[in-house]
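Scroll down for the structure; my scribbles are underneath it.
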């Protein structure tokens, strides 16, 4: 019997090479007058911001620039950006970059119309619709261009928090593979495994639906088939497939939730300021192994999507072979060890395990982990060869 479910996608999607060239016409067709480009200094330095500004200005707009995006954006960064956007009279934000740029823009947009501070909207229903945001991703991992949440660092708790409400969803996502052609292989690796984490967790989530299952398992297959060619061989067709998979995984987890890997990644990322995608990649295999008992059939499906032959094997055996495939992908892609980050201190694991066990996504994991189980996972991953 199929349980009742809902599926929601408020963001219009345009996918394909060259679609960013139409950003000016998209702004015009929606009646916006004062666009602001929200990005980081690195995007400005390589000329990508000027490229997008040029397309906007060709349509007759004067485009202001905010390039204050930082990795793992803090709540006060979002407040600062919102104030600058309001002073500029911006009526639409164009987020250009990875997850940090897109999440910051969504948090800025929230503050612009709802008032207060970004921190005050963490885990709280918004009062009104956020200011319009158009997203142009420049990585292939976050899926933030199609989600209705913004992950920001809560500077009071030193952990990441979520502004989560359909009212902060982007109005448009322009997903253009041309934007990742120059992405370093190391970033394709980490963001690609980040997308794989999104897809796997959406599929095994306790609140998954038939729609999210169909989308997420397809994303798993796309990444498994293409991530090595995309990251190591710079194959453009493979890079397109991984970018598509990232977007699909974003749609899936936006409706089905993430799970224990994200409980960990958001706590570690907020506490140590280490990259979210890398943290997901480091923990995906071990968390999945600990979670198999909660839904061996679904983990077996993931393994089969990654190319595992299930002939004559139990679901548990197939699932374990899938874990081996994920570990092999991470090795081949050069994903670093947790212990390679100097900031990591096992003395912090008690606090981080408690925070992970209390994270809003923990009940969505096939096995709802206790603090003690999180500590066991942390120790195992930290001490891995």
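Computed from Cα positions, the angle between helix 260-272 and the longest principal axis of the chain comes to roughly 60 degrees.
Would you mind putting 260-267, 373-380 in packing order, based on average other-beta-carbon counts within 10 Å, highest first? Can you show the working numbers first?
Numbers: 260-267: 28.2, 373-380: 18.9.
Taking the mean over residues of other Cβ atoms within 10 Å, the ranking is 260-267, 373-380.
Rg ratio for the chain: its Cα radius of gyration over 2.2 N^0.38 Å, N being its residue count, equals 0.94. Label sites at residue 211 and residue 13, each approximated as a point 7 angstrom past Cα along Cα to Cβ, lie 1.2 nm apart. On full extension, the segment bounded by residue 156 and residue 181 gains 5.2 nm, given 0.36 nm per residue less the C-alpha separation.
Exposure proxy check: 308, 204 ranked by fewest other beta carbons within 10 Å?
Working: 308 21, 204 27.
Result, fewest neighbours first: 308, 204.
Each Cα pair under 8 Å and six or more residues apart adds its sequence gap; the mean of these over the residue count of the chain is a relative contact order of 15 percent.
Cα-based values for the range 12-180, radius of gyration first and Dmax second, are 14.4, 44 Å.
Can you give me the relative contact order of the range 1-139 as a percent, contacts being Cα pairs under 8 Å and 6 or more apart?
Computed value for the range 1-139: 24 percent relative contact order.
Potential lengthening of the chain between residue 4 and residue 127 amounts to 41.6 nm, from the contour at 0.36 nm per residue minus the alpha-carbon distance. Taking the Cα centroid of the range 227-264 and of the range 327-378, what is the distance between the two, rounded to the nearest whole Å? One Cα centre to the other: 20 Å.
The value of relative contact order for the range 185-382, using C-alpha pairs under 8 Å at least six residues apart, is 27 percent. Between residue 317 and residue 345, the modelled labels are 4.7 nm apart [label points 7 Å from Cα along Cα→Cβ].
With a Förster radius of 35 Å applied to the C-beta separation of residue 76 and residue 236, the computed FRET efficiency comes to 0.35.
Once the gyration tensor of the Cα atoms in the range 78-135 is diagonalised, the equivalent ellipsoid follows with semi-axes of 16, 13, 10 Å, ordered largest first.
For the chain, modelled as a Gaussian network with Cα springs under 10 Å, which listed residue fluctuates most, 241, 25, 342? Most flexible of the set in this elastic network: 342.
On the principal axes of its alpha carbon atoms, the range 185-382 extends 43, 34, 31 Å, with the longest extent given first. I'd like the orientation of helix 210-232 relative to the chain: the angle between its Cα long axis and the longest Cα principal axis, in ° from 0 to 90, rounded to 10. Taking Cα atoms only, the helix is inclined about 90 degrees. Largest mean-square fluctuation among 341, 349, 268, in a Gaussian network model of the chain whose springs join Cα atoms under 10 Å apart, belongs to 341. Mean residue ellipticity, 222 nm, helices only, the chain: the sum of -39500 (n - 2.57) across DSSP H runs of n ≥ 4, divided by residue count and rounded to 500, is -16500 deg cm²/dmol. In this structure, residue 331 and residue 28 have a Cβ-Cβ separation that, at R0 = 56 Å, corresponds to a calculated FRET efficiency of about 0.70.
What is the angle, in °, between the Cα long axis of helix 315-332 and the longest principal axis of the Cα atoms in the chain? Nearest 10 is fine, range 0 to 90. Tilt relative to the chain: about 50 degrees. Comparing 281, 353, 214 in a Gaussian network model of the chain, where Cα atoms under 10 Å apart are tied by springs, the biggest mean-square fluctuation is seen for 214.
We did not get these values from a lab; they are worked out from the coordinates using the rules stated. These figures come from a predicted structure and were not determined experimentally. So basically every Cβ, Gly included, is an ideal-geometry build from the backbone, and we count neighbours across all protein chains shown.
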